[in-house]
1. If amide hydrogens are placed 1.01 Å from N in the peptide plane, which non-local residues have theirs closer than 5 Å to the one on TYR289?
2. Could you give each residue of the stretch 320-337 its phi-based ³J(HN,Hα) in whole Hz, using Karplus coefficients 6.51, -1.76, 1.60 with θ = phi - 60°, and x for Gly or Pro?
3. Using amide H atoms built 1.01 Å from N in the peptide plane, name the residues 5+ places from ASP251, or on other chains, whose amide H lies under 5 Å from its own.
4. Under 5 Å between amide hydrogens, which residues at least 5 positions from THR301 or on another chain qualify, with H placed 1.01 Å from N in the peptide plane?
5. With no solvent and one equal point scatterer per Cα, compute the Debye intensity ratio I(q)/I(0) for the stretch 464-531 at 0.22 Å⁻¹ and report its log10, rounded to two decimals.
6. If you project the alpha carbons of the stretch 108-164 onto the principal axes, what extent comes out on each, in Å, largest first?
7. Which ³J(HN,Hα) values in Hz, rounded to whole numbers, follow from the phi angles of the stretch 545-555 under the Karplus curve 6.51 cos²θ - 1.76 cosθ + 1.60, where θ = phi - 60° and Gly and Pro get x?
8. Run the numbers for LEU259 and ASN348: contour at 0.36 nm per residue of separation, minus the present Cα-Cα distance, in nm.
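The values are calculated or read from the model by the stated rules, or taken from the named source; none is laboratory data. Only a predicted model underlies this, so the values are computations on that prediction, with no experimental measurement involved. Neighbour counts run over all protein chains shown; Cβ positions are idealised from the backbone, glycine included. These accessible areas exclude ligands, DNA and RNA; they are computed on the full protein's heavy atoms, side chains included. Shrake-Rupley method; radii C 1.70, N 1.55, O 1.52, S 1.80 Å.
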Amino acid sequence: MKHLLTLYAEFNEVVKKMGKLEENNEKKIHEILSIVKLCSLLFSGIIFLKYMFNKNSIIKNAPHSYYGLIIFLCVIPILLSIYILLEFLVIKRTSLKCNNLLKLIENAVFVLIFIIVIFFTGANTSNYKYLFLFIIIISTIQAGMKQGMMIASIASFFILALDIVYSPNSLVNQYFENDLILAGVFMLTAWILGYYVKTENQHIKKLESLANEDGLTGVYNHRFFYDALGEIMHRCEKENKQVSMIFMDIDYFKSYNDLYGHQNGDEVLKTIGSILKNSFRQDDVVARYGGEEFAIVLPNTSEEHAVSLAEEVRIKIEKTYFYGEENQPNGKLTVSIGISIYPDKAKNDIELVKSADDALYRAKFFDKNRVETYTSILDELKIDTEDEHIDTITSIKTLISVINAKDKYTYGHVERVVVYSRLLADKLKLNENDKKNLIYGAYMHDIGKINIPKEILNKNMPLTREEWDIMKQHSQNGVDIIKHVESLKKLIPLILHHHERYDGNGYPANLKGENIPYIVRMLTVVDCFDAMTSNRPYNKRKTYEDALAELKRFSGTQFDGDIVNAFIEVIMESKNSVELIS
């Protein structure tokens, strides 16, 4: 499986590009409307100026006409300056998303300016009533048909009212007849343009849904999942709220597809997608993460509530009948679920996804059809660590994440080795102290790979002698990282000697037989088994049966025979749980 960090980076890049495209479109529309608004104000100013110096104008004949000149020369430029400042500076800083109230106020101001212009240019005889078309078009494009029709109604009422007020006794009111036609033009413009804007918005939403939704299941797709996750994390971080993450995987889905075909498999995915859509809140993000995996982001949700919701969904799916499910290993088609939470168990979105995925792995490993919450081994280790070294433990967690990013093979390897080690420790009835050390050592046994070049870690061909010598250094590198932490010194043998062989031909110290500490011999068996059953750059993955046969074949030479026998029993007992883990 491609590493989560790589996937996140790729999808984040796509999201950024789409976000920039959307922002550019908004910016272009905003700039065009701003120019139209500015032009309408300039036209109003020109009309005002022209009328002021007309010998028949009200202002020209008034005794205090110079006040009109002051208004034009001072007030209008000030209004224009304020408008330009708002349009090109303030609104730009708010990412072009104007508040609806501000838009309404702005439209009201424009209507008022046009009313004043029409009133002072002859009222009902004015030739400039068409100015209202500017704001009708602008408001309709900005806010849709409803607001466009409202502005058109106000403009129509005003011009018709002027005709009635100024010519109350006329038998034939020519201006009223003409303005009635103009009012019709206002209403028709708002209606046609509003309908076009509505249709265009619906088309855009449809395209957005096609871009954001998974075509098969109807839930959101992988791209939208990361887009929404980033926004939710940013918001909840600012508001100091929790974010829960649910990862879900259909049990034995490959087996189901092989048995009944992909068409029936698709029907299963559709049904589960429908169940998930109807099981979560409107603000929750339900997405198909990939293949048979689903992910749900739950903002402002505690871990306890997330577990309750996940358990309800698990039961719903278990009780739903799916074609041919009686031939599934458990007689039912079921799901495994992993849960993690921010900020309690993850510091950012990448850690949240990773930790939920780890919890899902454990759910699939332990019998499937269950809900598991994420528990960090390093969090357990902090309890046994001196306060002064807590930061070092946190740094180790970061280092392991970096190693996972560098080495495609290491991803998932550590988690599986920990799970195997826990089971083997229980089988061999280790005391609590040795069990803890084995598990902690299993988690950190490859930490020294941080110093191994990525080209060697991911090489697709067998390593040269020189490269192999460099690779062997990861054991000592790991010891150098942890040796200064007193509580971690007990893990040094596990990190340093997990590549020793029972016959003495291992490295770095050629330890033999009983000279290799018992829990180190256990880790060697577990580590090699997972290496054999995992896809590696230059090695084809073995089946569990082949890997167990290999362990048996090298029992007594490479491995401790008693430990091999115990481990084989562990795998055989858990065979149904382990065999089809994806």
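1. Distant-sequence amide H within range of TYR289: PHE294, ALA295.
2. Each residue's phi maps through the Karplus curve to give 7, 7, 10, 3, x, 5, 4, 8, 6, x, 9, x, 9, 8, 10, 10, 10, 9 Hz.
3. Sorted by chain and number, the residues that satisfy this are THR334, VAL335, SER336.
4. When sequence neighbours closer than 5 places are left aside, the close amide H contacts are GLN242, VAL243, SER244.
5. Taken in order of the listed q values, log10 I(q)/I(0) reads -0.99.
6. Principal-axis extents of the Cα atoms in the stretch 108-164, largest first: 32, 18, 16 Å.
7. Per residue, the Karplus-derived 3J(HN,Hα) values read 5, 5, 5, 5, 5, 5, 4, 5, 5, 9, 5 Hz.
8. Taking 0.36 nm per residue and subtracting the Cα distance, the gain is 28.0 nm.
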